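What follows is calculated from the coordinates using simple rules that are stated; it is not laboratory data. Just so it is clear, the structure is predicted and the values come from calculations on it, not from any experiment. With ideal geometry, Cβ positions are generated from the backbone for all residues, glycine too; neighbour counts draw on all protein chains shown.
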Amino acid sequence: MGFQIKRKNGIPIYIQLKEQIMDEIRGGRLMGGEQLPTERQMAEGLSISRNTVSMAYKELEKEGVLISYQGRGTFVATSDQVFRREGRKERVLKVVDLAIEESAELGFSIDDFTEIVTDRVQEKKSVFQQAKVAVIECNREQLDFYSEQLHYGLGITVVPIILDELISNSEKVKRVLAEVDLVVTTVYHVEEVFDLLSEKKKLVAVALEPEVNVIVRIARSFPAKKTLLVCLTDKFAQSIKLYLGQSGIDAADLEHTITRDREELLRLLKGVKMVLVSPGRKREVEKLVEPNTEVIEFVLKPDQGSIGRLNSAILELN
């Protein structure tokens, strides 16, 4: 991306950067799902401050042009993501406008309304800060990653539980579940988890989906490049092959390994040109691969509808 910053033309630098990113997207040189340089990389490349880059990115994110994921980076939003985000924003604005009109009819000024809303928002924030949620999933790597994302994304306390631990019905799991406000699991396990819960807690089912840019990168090279999937459990490997298949990529014959033995992993990586890794194994694999080997971390994230349902469930807590 040949961005150029002009320091003496009177236009704020962050606006220059913002407009040039938009030009790249309009011109088709930046496509939906593609990752932008990190704030640090962009700042160093243009010799500007990181805060300036952050301001440009955040404005484009508010406008629905970019989308950021905690710990993953900033990406160009797909047209579907833009449509969904704009649609949600319009619905919220209609609700806000209606609330303002009704408060005015009841005799409240705009300042009164602002104070009431601010107080209410703070109350709802405290609900999130106090909420304790159990997340149940069948494989450890996805469970740990998803739990971390929920904790940092929503600010809630998350207790991860492997599905096999719930099946064992240990006293430890019973104590943990007795202390949580609600339980979260994937749509694939919701019926099983519901049947296994001895104390019927509120249960929220989430749908997970791979990141668009990851699917794009894999589709460009698979199966032309010799590929290996490196993970911790066979269950995770099965899940990834399933999601790839749903995305139109036939990965039934994709070789995978769960070995933690360094020498064995080196042998398996010999001649491999693309490696898919589960969350947490990327750094380990990057140190062992041959030069010019592409390493792709495969992450499944909850879709927007699932996040909305979880937010609503937490806000309903007493």
### Message
List the lysines whose Cα sits under 24 Å from the Cα of LYS18, skipping any in the same chain fewer than 8 residues away.
### Response
LYS6, LYS8, LYS58, LYS62, LYS89
### Cα centroid separation - the stretch 117-141 against the stretch 218-273, whole Å
35 Å
### Task
Compare the Cα positions of PRO291, SER221, LEU254 along the charge dipole of the stretch 212-298 (+1 at Cβ of Lys, Arg; -1 at Cβ of Asp, Glu; about the Cα centre) and return the one farthest towards the positive end.
PRO291
#### Entry: Potential extension, GLN246-LEU317 segment - 0.36 nm per residue separation minus Cα distance
22.0 nm
### Task
With Cα Rg over 2.2 N^0.38 Å defined as stated, name the option among [x] 1.17; [y] 0.96; [z] 1.23 computed from the structure displayed.
[x]
#### Entry: Assigned charges on the beta-carbon of Lys, Arg, Asp, Glu; the chain dipole about Cα centre (debye)
1120 debye
#### Entry: Cα gyration tensor shape of the stretch 122-213, rounded if a/c is under 1.5, else prolate or oblate by comparing a/b with b/c
oblate
### Query
Given the options PRO223, PRO302, PRO279, which has the most mean-square fluctuation in a GNM of the chain, springs set between C-alpha atoms less than 10 angstrom apart?
PRO223
### Task
Towards the positive end of the charge dipole of the chain, with charges on Cβ (+1 Lys, Arg; -1 Asp, Glu), say which of ASN311, PHE145, LEU276 has the farthest Cα.
LEU276
### Summary
Proxy exposure order for SER221, SER278, SER168 (fewest C-beta within 10 Å first) is SER168, SER221, SER278
### Message
What aspartates and glutamates does LYS202 reach when the alpha-carbon gap must be under 16 Å and sequence neighbours fewer than 8 apart in one chain are set aside?
### Response
GLU179, ASP181, GLU191, GLU192, GLU316
### Task
Only bridges with both residues in the chain count here: give the DSSP antiparallel percent, nearest 5.
25 percent
### Query
Hey, if you put +1 on the Cβ of every Lys and Arg and -1 on every Asp and Glu Cβ in the chain, which of LEU93, ALA104, THR38 ends up farthest toward the positive end of that dipole?
THR38
## Note on the structure
Ranked from fewest to most other Cβ atoms within 10 Å of their own Cβ, MET22, MET55 fall in the order MET22, MET55
### Query
Amide H to amide H under 5 Å from VAL204: which residues, 5+ apart in sequence or cross-chain, H placed 1.01 Å off N in plane?
VAL183, VAL184, THR185
